[in-house]
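One structure is given here, and the rest of the page talks about it.
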Amino acid sequence: MYIYLITFILSCLSLFVFEKIDGRIKYIFLGIGVFIPALLAGCRADTIGTDVRNYVEPIQIYASGMRSFTEYINGNIVLLSGDSFSRIEKGYSAFVFFISKINKSLFFNLFTTQFLIIGLMVVGLVKIRKYINISLPFSMFLYYMLFFNISLNLVRQSIAMSILFFAFPFLLENKWIYFLISIFIATLFHKTAIIGLIIFLLYVILIKKFQVPQFKYGMKTIHIEGKPLISGAVIAIVILILMNPSSSILNSILNILNLSNFGFLYSKGFGIFSFRQVIIRVPFLLLLIFSWEKMENNDLKYFYLVLTVIDILFAQMSGGSSIILRISYYLSIFYIYAVPNEIAVHSNKSRILLQVAFLIGFISYWYYMFVVNNYNQTVPFVFNSTLF
């Protein structure tokens, strides 16, 4: 357990130094902040994270023994998980093949994968600091508490999530084509990344400037705020769709996204309330409500609100299927942007108190989920014995 916490702290300290100093030397600390957690991930045994033995290690061994990429990518071996290799997304398969040509060891595979994931997260945060006020080390500590241990298991999906996270600043820069290309690249690692299209549409609908309608009522002119109205309408529509799991609208959306098989899983989970997952997410909603008035000029608050509500709806359905919870991670990861942004609008005293409260809360969450319940089977940490 302690090896994780030490790693997280050292990484965040390096990112803190990067944030505080100027000159090219600061990028050395940025690299160290990414390298440290990637090194830990690379040194783990194949028992840390169930997917490592299920498909990561078998594909690594298979790729290491192949010379022809065409023959490799068209292979049809059966993985330990029982899935056919042909069902693995081609982007991930190609990624493993090319890194296996540099080094055939499992260590290098796991290290490179985690370096990619953490690197994309950090670069995304560095880029978005041009537009919103956030603390880089605080943001990454939240990521470590929420998603690091998950990334040791859900390897392909974690790469896809980090790509979408990295690409989000493109939307703020109105580089929509770049974001759509990023969605496509992410789906090459895990097909569920097509959820990025929903994130894209929500952003466009909620952030686009709309003319505020006005109505005369007697001697008074009534102004209707466009964004609150649109946000409320989007939330209401989503609730209506999700509350009817057999809805033809929901099934049509899933078919368009090539996720029709998740319709059955969602209907299976419908009505099975996951109290724990809702409780975990309520603080995010409360923080947003508490910070709302102070974010007067931040249109992202509407985006945060809708994502949070949808995430809570998805998460509470996870009682019937863990797959639904995994889908909600694509929404949850945006808390890494939202929470620091919402806390930053407060005065120094309130900001410090909120940061401390969330740090304590997330450490408690991490301990409960990954240590007590051993979620994703990553604790206790076991080193790869072949490295020593």
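Figures for the structure shown
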| quantity | calculated |
| --- | --- |
| Test: residue in the stretch 346-355 that is hydrophobic (A, V, I, L, M, F, W, C) and in a loop (DSSP other than H, G, I, E, B) | no |
| Checking residue 192 against (1) crowded, with 20+ Cβ neighbours inside 10 Å; (2) modelled with pLDDT of 95 or more, the condition it does not meet | (2) |
| Breaking point among (1) closer than 26 Å to residue 12 by Cβ; (2) touching an Asp or Glu at 6+ places or on another chain (Cβ under 9 Å); (3) at pLDDT 95 or above, for residue 139 | (2) |
| Residue check, residue 129 surrounded by fewer than 21 Cβ atoms within 10 Å (Cβ to Cβ) and closer than 29 Å to residue 370 by Cβ | yes |
| Selected residue (criterion: surrounded by the fewest Cβ atoms within 10 Å (Cβ to Cβ)) from residues of the stretch 325-345 that are among the hydrophobic types (A, V, I, L, M, F, W, C) and in a helix (DSSP H, G or I) | 325 |
| Flag for residue 367 being out of contact with any helix residue (DSSP H, G or I) (no Cβ under 8 Å at 6 or more places or on another chain), part of a helix (DSSP H, G or I), among the aromatic types (Phe, Trp, Tyr) and within 28 Å of residue 41 (Cα to Cα) | yes |
| Total residues in the stretch 288-312, condition at pLDDT below 85 and not in a loop (DSSP other than H, G, I, E, B) | 1 |
| So residue 386, is it surrounded by 18 or more Cβ atoms within 10 Å (Cβ to Cβ) and either over 21 Å from residue 139 (Cβ atoms) or in contact with a Phe, Trp or Tyr (Cβ under 7 Å, 6 or more places away or on another chain) (or both) | no |
| Of all residues making up the stretch 131-157, the number that are closer than 22 Å to residue 361 by Cα and in a helix (DSSP H, G or I) | 16 |
| Residue check for residue 378: part of a helix (DSSP H, G or I), modelled with pLDDT under 95 and either in contact with a strand residue (DSSP E or B) (Cβ under 7 Å, 6 or more places away or on another chain) or more than 17 Å from residue 286 (Cβ to Cβ) (or both) | no |
| Any pair with Cβ under 6 angstrom, 6 or more apart, that starts in the stretch 285-298 at a residue that is polar (S, T, N, Q) and ends at one that is surrounded by 14 or more Cβ atoms within 10 Å (Cβ to Cβ) and outside any helix (DSSP H, G or I) | 291/345 |
| Any pair with Cβ under 9 angstrom, 6 or more apart, that starts in the stretch 1-24 at a residue that is without any contact (Cβ under 8 Å) to a residue 60 or more places away in the chain and ends at one that is charged (D, E, K, R) | 17/26; 20/26 |
| Tally, over the stretch 158-172, of residues that are buried (at least 24 other Cβ atoms within 10 Å of the Cβ) and of a type outside the set (A, V, I, L, M, F, W, C) | 2 |
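Yes or no, residue by residue, for (1) touching a residue at least 40 places away in the same chain (Cβ under 8 Å); (2) among the hydroxyl-bearing types (Ser, Thr, Tyr); (3) farther than 21 Å from residue 151 by Cβ:
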| site | (1), (2), (3) |
| --- | --- |
| 53 | no, no, no |
| 59 | no, no, no |
| 66 | no, no, yes |
| 72 | no, yes, yes |
| 76 | no, no, yes |
| 81 | no, yes, no |
| 88 | yes, no, no |
| 92 | yes, yes, no |
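The values are calculated or read from the model by the stated rules, or taken from the named source; none is laboratory data. The structure presented is a predicted model; accordingly, all values stated were derived computationally and were not measured. Here Cβ is always computed from backbone atoms with ideal geometry, including for glycine, and neighbour counts include all displayed protein chains.
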